[in-house]
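Trainee: Sharing a structure here in structure tokens format.
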Amino acid sequence: MTLALVLTPYVYGLGFFMMAAGLLIALTSRHLIKRLIGLGVFQTSAGVFYILLSKVSGGTAAIRLEADSPAAEALASRLDAAYIAAHGVDGVVYSNPLPHVLILTAIVVGAATLAVGLAIIVRIRETYGTVDFEEISALEARALRDVREDEA
Amino acid sequence: MSPFAGAQFASPEVIQHAPALLIAAPLTAACVAALSPSARWAWFASLGGALVSLWMALCLAAEVARSGAVSYAVGGFAPPLGIELRLDDLSVFFCLLVSVMGVATSIASASLLRLELPERDHSLMQAGFMLAFTGLLGLTATGDAFNAFVFLEVSSIGTYALVAMGASQDRRALTAAFQYLVMGTIGATLFVIGVGLLYAVTGTLNMADMAERLAASSSDTAAIAGLALITVGLALKAAMFPLHAWLPGAYSAGPTMVVAFLAGTATKVSVYLLIRFLMDVAGGLESAGEGLLTWLIAPMAGIAAIVASVQAVFQTETRRILAYSSIAQIGYVLLGVTSGSVAGLTAALFLLFTHAMIKTVIFLSLGAIDHRGSRLETLAGAGREAPWTIAALALAILGLAGAPFTAGFLAKWRLLGALADDGRIWAVVAIAASSLTALVYCGRILETVLFRTRRPAGATISEASPAALAAIWFLAASSVWYGVDASALYDLARQAAASVMGASP
Amino acid sequence: MSLLLASPELELVFSALLLTLVAGLVVALLAARSVLTCILLMSAFSLTMALWLMTMDAPDVAFTEASVGAGVSTMILLGAALSSTDVIPSLRPGRLWFPAVACLAAFIGMALIVPDLPVFGDPGSPPSAYVGRLYLEQTPHDIGAPNVVTAVLASYRGFDTLGETTVIFAAGVGVLLLLGGQVRSPDAAPEDVSLRASAGSPVLSVAARLLIPIICLYAFYVLAHGEFGAGGGFQAGVILAAALILHALVFGVRETMKALPVGVVRACAALGVLGYAAVGFLAILNGGRFLDYDALLSPVFEAGLPSSHLAGGHHHWGQRIGILAIETGVMLAVASTMTAIFYAFTGRVSRSDAAGAS
Amino acid sequence: MAEAIGWIGAVLVIAAVGLSIAGAVGVLRFPDVYTRIHAASITDTGAASLMTLGLLLMAGFSPAAIKLCIVWVFIMLTSPAAAHALAGAAFGSGHRPVLADPRQPSEDEA
């Protein structure tokens, strides 16, 4: 358990680092596609956090095994009986399935966001001739100035 | 007394399943709209979906008035294992808001779409609109924190593309939609991380269960962080100052039916979730919810009320003026929410509902006379060319300015009263200053449409179609009616506020 | 067999090492300049993430992450980025500092709450000890499927999955709205966007002819096997879409569109979601709650089925049929939406190429 | 006996990992597209074969063994076809193989 205590801040730290990095890419990149990629990293790192919550030490994937099957016995052989009795379900220790389900949904949502975002980017490129954020802002500013001059 | 007490709109068998039908009906309508061969059939599908939802919302309002909160275990699994749809007074209030605006937008949508987009896109536009409608209704009805995220995305994903469809009129719709997508996704992801933190502390996703376990938990740093993330995420979605940058672009460039619906509902539903999480789920953590409300949201709302109003004065495009005014109004509503009293929350909810009606009228009528991202001056003389539409628009603008005998006036008056009673003089000053500023831009719009004459070069403006006029006038007339006799809506709002604050109405 | 099993603590260390690799790829992504590099790094990121998910006992998620993140996402990213692979410099430092400080502050803020979070791998943490454990205990009784993830996904939290399918459908509607106006009929379909080398390459066409039916078969296997192992409607849909996309890459989009026009694809997406919702309505009509699969079959009928739990057996036929029905709806919706998205992107790219050439 | 076969399987898997690393180095260090594809695809098939063989020995007679055999067949089918398509695409988009040693520039290049 001491090893797990050392690992805890490390793995959460990595997860939070990925969140911050993804957010940074999504907010600051000049290339619009790179912004979307950053957004994807940000969404995935939220998933990392959920999955970190799901792991049970010595557990296995949440597919129920028969208690006396060879696979279940092999898994049980490396854990002590008290641990299995306390945390196992019918003699086998499983990881928590709920975060897995949630993150399956979140991955799908990420793919959907990516598809719509890319569709908008394709249209932006056709309309403005560029996917550089700064250039688009400059083009818009110029258009606005032209309108103002027409008025004057 | 709720105005729905004693009413019964359907047989008990239907009412029993109303929470699920409320969401499943528009979802089915969206699929039918996408399948339909012509724009006309898609319109019928969307209208049908919206009407069934409104019917179900009315049934639920009556049911909640009769027997308190309704809980529906989807799939037959009791919470916390299954997903629970839970409707109390507060959610029913927002259900009614969303479905009324949905029906109004849907009625007007066919003629609005004809003005803006080629026929072949209409059925998909209706499908996208119904999906957004489904998502917002799901948000108000769900009692499960992660399910709320799913519906947040259902309502958003389609909306991003719908906003971008404004590009056929105004190319800025594309960049606005992209910014909306990035900001909206960041907001939703922050929300889901926050829910994850609450899940890490409580081990459950059901909101009621979460509230109980939070109250019992010993250490709450992670829970407070989770609530803070949820607050920031929802503030992004609600366009709370200073996270509002995406809203003016999206409102000014999107297609009318989309903007009218979003302006009336999307930011409002985010406010609902904010209330739900900070006052209900965090109820056990007195310090956390109230701390966030008092020290984060209230000051920002005060600044929003003033800054956004001033920004609105300096805009030249009609829709941008209105977008900034929406940001200011969200500020008013949040000031009421943070007041911490039943009266304040009631006034805030009342203001929220009337403002939704007013903004929907304004955007629908602007779209119906074919006035989009263009400048205010092009509206000059509109009053003479399209008297019926402009009359409704003028009524709504009067309501926005807070003229007496409109619902807008009554709402602001009660809000100011409630805030003054709580001793929040700074909030009263902020709202008063903002309202005075609002007079400037509302006056400008009114003056342009009513008294100016059209420049010779300007395009003619034609009256809205009968269907659109019906929708516009229905909402405009109700906003005037609630200005004269507010009791029905006000009682509903008070009931909702009382149910959150845990006080007897 | 013992060779395969390391000690539990060593597993945690291994998993942390893999996560370090994933984070390293994010660092590379921060520094990357060219979009093409970014896309490939994103793909590598997803693939490594899938490996990491395997070490975290999440095979279903790993499967999805690999097929969606490394497969479909990379493909549509490449499709959208094809004509602009130019290098765009990073933002000027003057514009960078505020977001950078904000992200750093967010990171530090999140790091501060680590002591309050569950210990990595702790079986007694609230998430693992409460609802998660209830699912593990009750699935054999309530659902009867060995794969608890599928049971939760399709039945306990089936409403979430309905929402998820709707999200995919909404994305399909959005992409078709934005890009689909041009690719209605096969005659109007763009010029061949297949791999340039495939023209007359017997290797590819033979391999594709051999593989496409097998891929389809595998998709149905994944669909039906979801109850017992990793898999399910969503993964099956992505695989089915992959078969169609392979067809388009090797034989040309025009051929694929002739076989499967955009209108049909769009209708299939709507029908998939509709089918899912219909299962819910059917349950209501039979007297259950929305999406209550136990109500799908009438009790009399189910009691007559072999080893039905109503007759004291352990087969939950209603749940089983319900799960299979909604997973089929998910597969239909996902496969057709992915195909529609692919049509929209490839159709568009070659259209702008043609515009540039003329 | 079973234990010994398991160890042989483990050795094969480790050999496969070594081969993969060699392939990765090749992809990074080789001079042009074609040699890199060569490095990638030869390890793709070779390492995967060793890996499946090793895993087969470790798994013994079980349903997993049948699945492993099927996986191997598909790798043998797809990996060369993918390499072929990649090389064809590279050639089609104008990449030419480097024929001389780039460290000793020939006269017409200089």
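The values are calculated or read from the model by the stated rules, or taken from the named source; none is laboratory data. Since the structure is predicted, the reported quantities are computational estimates derived from the model, not experimental observations. As a convention, Cβ positions derive from the backbone with ideal geometry for all residues, glycine included, and neighbour counts pool all protein chains shown. Ligands, DNA and RNA are excluded from the accessible area calculation, which covers all protein heavy atoms including side chains. Shrake-Rupley method; radii C 1.70, N 1.55, O 1.52, S 1.80 Å.
Trainee: Could you please tell me which pairs satisfy a Cβ distance under 8 Å, a separation of 6+ or placement on different chains, a first residue in the range A:116-141 that is facing chain C (nearest Cβ under 7 Å), and a second residue that is assigned to a helix (DSSP H, G or I) and among the hydroxyl-bearing types (Ser, Thr, Tyr)?
Mentor: Sorted first by the residue in the range A:116-141, then by its partner, the pairs are A:Val116/B:Tyr160; A:Ile120/B:Tyr160; A:Arg125/C:Ser352; A:Glu126/C:Ser352.
Trainee: Looking at D:Ala2, D:Ala65, D:Ala87, D:Ala48, can you tell me which residue is on the phi < 0 side of the Ramachandran plot and open to solvent by 60 Å² or more (accessible area, probe 1.4 Å)?
Mentor: Only one candidate qualifies: D:Ala2.
Trainee: Failed condition for C:Ala31, given (1) within 7 Å of chain A (Cβ to nearest Cβ); (2) at pLDDT below 90, with all others met?
Mentor: (1) is the only condition that C:Ala31 fails.
Trainee: Only residues that are within 11 Å of chain C (Cβ to nearest Cβ) and open to solvent by 20 Å² or more (accessible area, probe 1.4 Å): list them for the range B:185-215, please.
Mentor: Within the range B:185-215, B:Leu190, B:Val201, B:Asp209, B:Arg213 qualify.
Trainee: Any chance you could count how many residues in the range C:285-295 are within 11 Å of chain B (Cβ to nearest Cβ), open to solvent by 20 Å² or more (accessible area, probe 1.4 Å), in contact with a helix residue (DSSP H, G or I) (Cβ under 7 Å, 6 or more places away or on another chain) and not small (Gly, Ala, Ser)?
Mentor: The total comes to 3.
Trainee: Of (1) closer than 25 Å to B:Ser99 by Cβ; (2) in contact (Cβ under 8 Å) with a residue 60 or more places away in the chain; (3) crowded, with 23+ Cβ neighbours inside 10 Å, B:Met279 satisfies all except one. Which?
Mentor: Condition (3) is where B:Met279 drops out.
Trainee: Looking at the structure I just gave you, is B:Ala260 open to solvent by less than 10 Å² (accessible area, probe 1.4 Å) and modelled with pLDDT of 90 or more?
Mentor: yes
Trainee: Sort out which residues of the range C:41-78 are of a type outside the set (D, E, K, R), under 12 Å from A:Val48 (Cα atoms) and within 10 Å of chain A (Cβ to nearest Cβ), and write them in order of number.
Mentor: Passing the criteria: C:Ser46, C:Met49, C:Trp52, C:Leu53, C:Met56, C:Ala58, C:Val61, C:Ala62.
Trainee: Among the residues that make up the range A:67-89, is at least one of them of a type in the set (Val, Ile, Thr), open to solvent by less than 30 Å² (accessible area, probe 1.4 Å) and either within 7 Å of chain C (Cβ to nearest Cβ) or outside any helix (DSSP H, G or I) (or both)?
Mentor: yes
Trainee: Would you pick out the residues in the range C:26-84 that are outside any helix (DSSP H, G or I) and surrounded by fewer than 20 Cβ atoms within 10 Å (Cβ to Cβ)?
Mentor: Result: C:Arg33, C:Ser34, C:Leu82, C:Ser83, C:Ser84.
Trainee: Right, another one. Looking only at residues in the range A:1-44 that are over 18 Å from A:Ala112 (Cβ atoms) and among the hydroxyl-bearing types (Ser, Thr, Tyr), which one is modelled with the lowest pLDDT?
Mentor: Taking the candidates together, the pick is A:Thr2.
Trainee: Sticking with this structure for a sec: Filtering the range C:162-210 down to residues that are within 14 Å of chain D (Cβ to nearest Cβ) and open to solvent by less than 20 Å² (accessible area, probe 1.4 Å), which residue is modelled with the lowest pLDDT?
Mentor: Restricting to residues being within 14 Å of chain D (Cβ to nearest Cβ) and open to solvent by less than 20 Å² (accessible area, probe 1.4 Å), the top hit is C:Ser198.
Trainee: Another one. Filter the range B:361-412 down to the residues that are in contact with a His (Cβ under 9 Å, 6 or more places away or on another chain), under 29 Å from A:Arg148 (Cβ atoms) and of a type in the set (A, V, I, L, M) and list them by number.
Mentor: Across the range B:361-412, the qualifying residues are B:Leu379, B:Ala382, B:Leu400.
Trainee: Please go through (1) closer than 30 Å to A:Leu32 by Cβ; (2) within 8 Å of chain C (Cβ to nearest Cβ); (3) more than 24 Å from the chain's Cα centre (by Cα) for A:Leu104 and return the number of the only condition it doesn't satisfy.
Mentor: With (1) closer than 30 Å to A:Leu32 by Cβ; (2) within 8 Å of chain C (Cβ to nearest Cβ); (3) more than 24 Å from the chain's Cα centre (by Cα) applied to A:Leu104, the lone miss is (3).
Trainee: Does the range C:247-268 hold any residues that are part of a helix (DSSP H, G or I) and either farther than 28 Å from D:Thr78 by Cβ or out of contact with any helix residue (DSSP H, G or I) (no Cβ under 6 Å at 6 or more places or on another chain) (or both), and which are they?
Mentor: Listed by number, the residues that qualify are C:Leu249, C:Phe251, C:Arg254, C:Glu255, C:Met257, C:Lys258, C:Ala259, C:Val262, C:Gly263, C:Val264, C:Arg266, C:Ala267.
Trainee: Pick from D:Ile14, D:Ile42: which is open to solvent by 60 Å² or more (accessible area, probe 1.4 Å) and within 12 Å of chain C (Cβ to nearest Cβ)?
Mentor: Sole residue among the options that is open to solvent by 60 Å² or more (accessible area, probe 1.4 Å) and within 12 Å of chain C (Cβ to nearest Cβ): D:Ile14.
Trainee: Then there's this: Say whether the condition of being on the phi < 0 side of the Ramachandran plot, among the small types (Gly, Ala, Ser), in a helix (DSSP H, G or I) and open to solvent by 20 Å² or more (accessible area, probe 1.4 Å) is met by at least one residue in the range A:108-129.
Mentor: So far as the range A:108-129 goes, no, none of its residues is on the phi < 0 side of the Ramachandran plot, among the small types (Gly, Ala, Ser), in a helix (DSSP H, G or I) and open to solvent by 20 Å² or more (accessible area, probe 1.4 Å).
Trainee: Applying the selection to the range A:1-53, what residues are more than 7 Å from chain C (Cβ to nearest Cβ), open to solvent by less than 10 Å² (accessible area, probe 1.4 Å) and farther than 18 Å from C:Gly69 by Cβ?
Mentor: If the condition is that a residue be more than 7 Å from chain C (Cβ to nearest Cβ), open to solvent by less than 10 Å² (accessible area, probe 1.4 Å) and farther than 18 Å from C:Gly69 by Cβ, then A:Leu32 is the only one that fits.
Trainee: Now a separate question. If a residue has to be of a type in the set (Asp, Glu) and assigned to a helix (DSSP H, G or I) to count, how many in the range B:310-368 make the cut?
Mentor: Of the residues in that region, 0 qualify.
Trainee: Of (1) assigned to a helix (DSSP H, G or I); (2) surrounded by fewer than 24 Cβ atoms within 10 Å (Cβ to Cβ), A:Ser57 satisfies all except one. Which?
Mentor: A:Ser57 satisfies every listed condition except (1).
Trainee: Which one of these is open to solvent by 10 Å² or more (accessible area, probe 1.4 Å) and within 13 Å of chain C (Cβ to nearest Cβ): B:Leu117, B:Leu139, B:Leu85?
Mentor: Being open to solvent by 10 Å² or more (accessible area, probe 1.4 Å) and within 13 Å of chain C (Cβ to nearest Cβ) holds for just one of B:Leu117, B:Leu139, B:Leu85, which is B:Leu117.
Trainee: So in the range C:140-160, with the set limited to residues that are assigned to a helix (DSSP H, G or I) and more than 7 Å from every other protein chain (Cβ to nearest Cβ), which one is farthest from the chain's Cα centre (by Cα)?
Mentor: Filtering the range C:140-160 for residues that are assigned to a helix (DSSP H, G or I) and more than 7 Å from every other protein chain (Cβ to nearest Cβ), the one farthest from the chain's Cα centre (by Cα) comes out as C:His141.
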